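Data block below; observations after.
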Amino acid sequence: MSMYGINGKPFVNLSEYVDLTDFDKLHPTICRNFIEAKEHMYVGTFYAPEDFLRMDAYDKNLKSLLSAHYEFMGLPDDDPIKINGSDLSPNDLATYLKFALKGYDPYSFFLLYDYKENWRDDPSVDGTLESGKYFPELLSWVHSLKDKGIFSHIGRVVLFLVDHGGIRIQHSHHGYPLPDPYYPSSSEDIVEFMLIQKSSDAKTFFVSDSEHNKFYFDSRVTWFNDKDWHGGDPLLYSSYSLRIDGVFTDDLKNKICR
Ligand SMILES: [Fe+2]
């Protein structure tokens, strides 16, 4: 087995420290917020480096949206596929490439909150983005994790929506997206974040090693090394997960490492 891991483990179960009771109560609100905020939703990922995805883990007939976009960009200008897709918005182009070139990507996402200058130094820095204004209750819950001694600072918050039946293609964050543009980091750093999943989804998400062995999560709230390959098996229903990046408190880190 070869993987980065955390403290010699494939992932860290945080359920002992993070109470999801109030998060779960927000479920109907969050689902409604998806509709209200739809103008701010991003469809799929297709501006990442080509090696962002681990396609050799899948049947060769599975073509990622990312790959379809590279294929699209490489078409000659007089190709009908290129002509018909050339003036589309990013979201419309994503949908177009799913049909026109079989690009596969079950994800959509909302970036609710993002790194802002001085976010680690000044507690009054507010990284709420336009889309985050549609999810006030959820962001309030995220910030309550500071009062509960989990995070000292919140840097970025992303909601990932996945279509029913969707394979969450394995990927790894080797420098994409930038973990934090405002503070120096090295490739050795382990990005501090948690991934929260809906109740029954956790056991379908995993990290995997160089030999393609999968280590399925045993909890709904998990920290893992995002340089390791990670992905999820298909779900038979549409669902979502929440990723919160920030700075863990020393107290939490001490508990995790003990
Ligand atoms: Fe990821």
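Read the figures in this text as sums done on the coordinates, not as results from a lab. What you are looking at is a predicted structure, and each value in this text was computed from that prediction instead of being measured. All Cβ positions, glycine included, derive from the backbone under ideal geometry; neighbour counts span all protein chains shown.
What order, most packed first, do the peptides 10-16, 107-113 have when packing is the mean number of other Cβ atoms within 10 Å of each residue?
For the peptides 10-16, 107-113, the packing ranking is 107-113, 10-16.
Roughly how many debye, to the nearest 20, is the charge dipole of the range 46-100 about its Cα centre, given +1 on each Lys and Arg Cβ, -1 on each Asp and Glu Cβ, and no other charges?
Value, rounded to 20: 240 debye.
Using θ = phi - 60° and the Karplus form 6.51 cos²θ - 1.76 cosθ + 1.60, what ³J(HN,Hα) does each residue of the range 10-22 get, whole Hz, x for Gly and Pro?
Here the 3J(HN,Hα) series is x, 7, 10, 7, 9, 5, 5, 10, 10, 7, 9, 4, 6 Hz.
Which one of 254, 155, 239 has its Cα pushed farthest toward the positive end of the charge dipole of the range 149-258, where Lys and Arg give +1 and Asp and Glu give -1 at the Cβ?
Value: 239.
In which sequence would 141, 229 go, from the one with the fewest C-beta neighbours within 10 Å to the one with the most?
Taking fewest neighbouring Cβ atoms as first place, the list is 141, 229.
Name the long-range amide H neighbours of residue 155: under 5 Å, sequence gap of 5 or more, or other chain; modelled H, no Pro or chain starts.
Answer set, sorted by chain and number: 245, 246, 247.
What's the extension gain from residue 70 to residue 143 if we count 0.36 nm per residue and subtract their Cα-Cα distance?
Gain on extension, residue 70 to residue 143, equals 22.5 nm.
With r as the distance between the Cβ atoms of residue 254 and residue 2 and R0 = 41 Å, compute the FRET efficiency 1/(1 + (r/R0)^6) and round to 0.05.
0.90
Given labels modelled 7 Å from the Cα in the Cβ direction, how far is it in nm from residue 116 to residue 178?
1.7 nm
Looking at this model, which pairs from 82/198; 38/60; 63/148; 116/253 are more than 31 angstrom apart at the alpha-carbon?
Check vs 31 Å cut-off fails for 82/198; 38/60; 63/148.
Would you mind computing, in nm to one decimal, how far apart the modelled labels at residue 83 and residue 125 are, each placed 7 Å from Cα along Cα→Cβ?
Distance between the two pseudo-spin positions: 5.0 nm.
5 Å is the cut-off here: which amide hydrogens, built 1.01 Å from N in the peptide plane, fall below it relative to residue 229, excluding neighbours closer than 5 in sequence?
Excluding prolines and chain starts, which carry no amide H, the hits are 208.
Under the rule a/c < 1.5 gives rounded, and otherwise a/b versus b/c splits prolate from oblate, where does the range 144-193 land using the Cα gyration tensor?
Oblate shape, in that a/c is at least 1.5 and b/c is the bigger or equal ratio.
Obtain the nm distance between the two label points defined at residue 102 and residue 61 by a simple spin-label model: each point lies 7 Å from its Cα along the Cα-to-C-beta direction.
Calculated label separation equals 0.7 nm.
Sorting 199, 131 on the 10 Å Cβ count, fewest up front, what's the list?
Neighbour counts put them in this order, fewest first: 199, 131.
Do the sum for the chain: with -39,500 (n - 2.57) for every DSSP H run of n ≥ 4, divided by all residues, what is the mean residue ellipticity at 222 nm, to the nearest 500 deg cm²/dmol?
That comes out to -6500 deg cm²/dmol.
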